[in-house]
Amino acid sequence: RQVINKNLTEEQILNAVTAVVGSGIPNLRLYFMIGLPTETEEDIEAIIQLVKRVKHEQLVIGRGQKRLGTITLSVSSFVPKPFTPFQWVPFSDLAILKRRIKKLRRGLGAVANVRVHADVPRWAYIQALLARGDRRLAPLLATVAQENGSWSKSFKMVNVNPEFYVSRERKREELFPWDFIDHGVKKDYLWHEYQQALEGEITDVCEPEVCERCGVC
């Protein structure tokens, strides 16, 4: 959570569960991203344990109300995007993403009334390609359209290496296809936030009236 600047403690999450279920909302949906920078197998195990604790809180309160709710776990593969601190990072390896989704399903499979809905990492890979591609992908996109949306066939027909766009870590000084767009936020600030994220350091909420650190205000 700290890597993406979500400064929430487990206690706060469980307190929110108590408040929501206690107010008469029995069913919960939890959203997680996998494949974030610095992620380890221990992080996946921590997700499993957190969901089990949430389920315990839900059961304790639900029994008192005679309503046993469900938990739906939505799991998405992280896709690095332009104009964000993670525009420099590579997309996670597909085999790792698949393995971690499998671990989540296995770890929560025996927990009653918990459903795990995960995206398809292969499609997240395509998202990463589209998100950070440049004009050299134009022939590929045209071929995909001609081949009725078949990406696998189109990759074989067009001389383009998707790994260059998807799985490559960028250097700080690299020029991005979108750098000519002035969106207000300084590139140096995004790099600083990227380094902060790698260290697990939380960025304070800015005060628009006095804060000038990102360049927008």
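Acidic (Asp, Glu) and either within 25 Å of Val120 (Cβ to Cβ) or touching a Pro at 6+ places or on another chain (Cβ under 6 Å) (or both): which single residue out of Glu10, Glu57, Glu41 fits that description?
Every option except Glu41 fails the conditions.
So which residues in the range 49-83 are of a type in the set (A, V, I, L, M, F, W, C) and either out of contact with any Gly (no Cβ under 7 Å at 6 or more places or on another chain) or closer than 28 Å to Glu193 by Cα (or both), if there are any at all?
Hits for the range 49-83 are Leu50, Val51, Val54, Leu59, Val60, Ile71, Leu73, Val75, Phe78, Val79, Phe83.
Please go through the range 73-97 and pick out each residue that is in contact (Cβ under 8 Å) with a residue 12 or more places away in the chain and among the hydrophobic types (A, V, I, L, M, F, W, C).
Within the range 73-97, Leu73, Val75, Phe78, Val79, Phe83, Phe86, Trp88, Val89, Phe91, Leu94, Ile96, Leu97 qualify.
Take Arg105 and tell me if it is modelled with pLDDT of 95 or more and not acidic (Asp, Glu).
On the way: modelled with pLDDT of 95 or more: yes; not acidic (Asp, Glu): yes.
It is true that Arg105 is modelled with pLDDT of 95 or more and not acidic (Asp, Glu).
Against the condition outside any helix (DSSP H, G or I) and within 16 Å of Tyr165 (Cβ to Cβ), how does Trp88 come out, does it pass?
Numbers: outside any helix (DSSP H, G or I): yes; within 16 Å of Tyr165 (Cβ to Cβ): yes.
In short, yes.
Anything in the range 27-61 that is farther than 16 Å from Leu73 by Cβ and in contact (Cβ under 8 Å) with a residue 40 or more places away in the chain? List them, or say none.
Leu36, Pro37, Thr38, Glu39, Glu41, Ile61
How do the helices (runs of 4 or more DSSP H) wholly within the range 105-217 filter down when requiring 3 or more residues that are surrounded by 12 or more Cβ atoms within 10 Å (Cβ to Cβ) and either of a type in the set (Phe, Trp, Tyr) or in contact with a Phe, Trp or Tyr (Cβ under 7 Å, 6 or more places away or on another chain) (or both): which remain?
Working: elements: 121-132, 138-146, 151-157, 162-166, 187-198.
In the range 105-217, the matching helices (runs of 4 or more DSSP H) lie at 121-132, 162-166, 187-198.
Which of the residues that make up the range 58-68 are crowded, with 16+ Cβ neighbours inside 10 Å and either under 13 Å from Val111 (Cβ atoms) or in contact with a Cys (Cβ under 9 Å, 6 or more places away or on another chain) (or both)?
Correct list: Gln58 only.
The values are calculated or read from the model by the stated rules, or taken from the named source; none is laboratory data. Fair warning: this is a prediction, and the values are worked out from it, not measured in the lab. Positions of Cβ are generated from backbone atoms using ideal geometry, with glycine treated the same way; all protein chains shown enter the neighbour counts.
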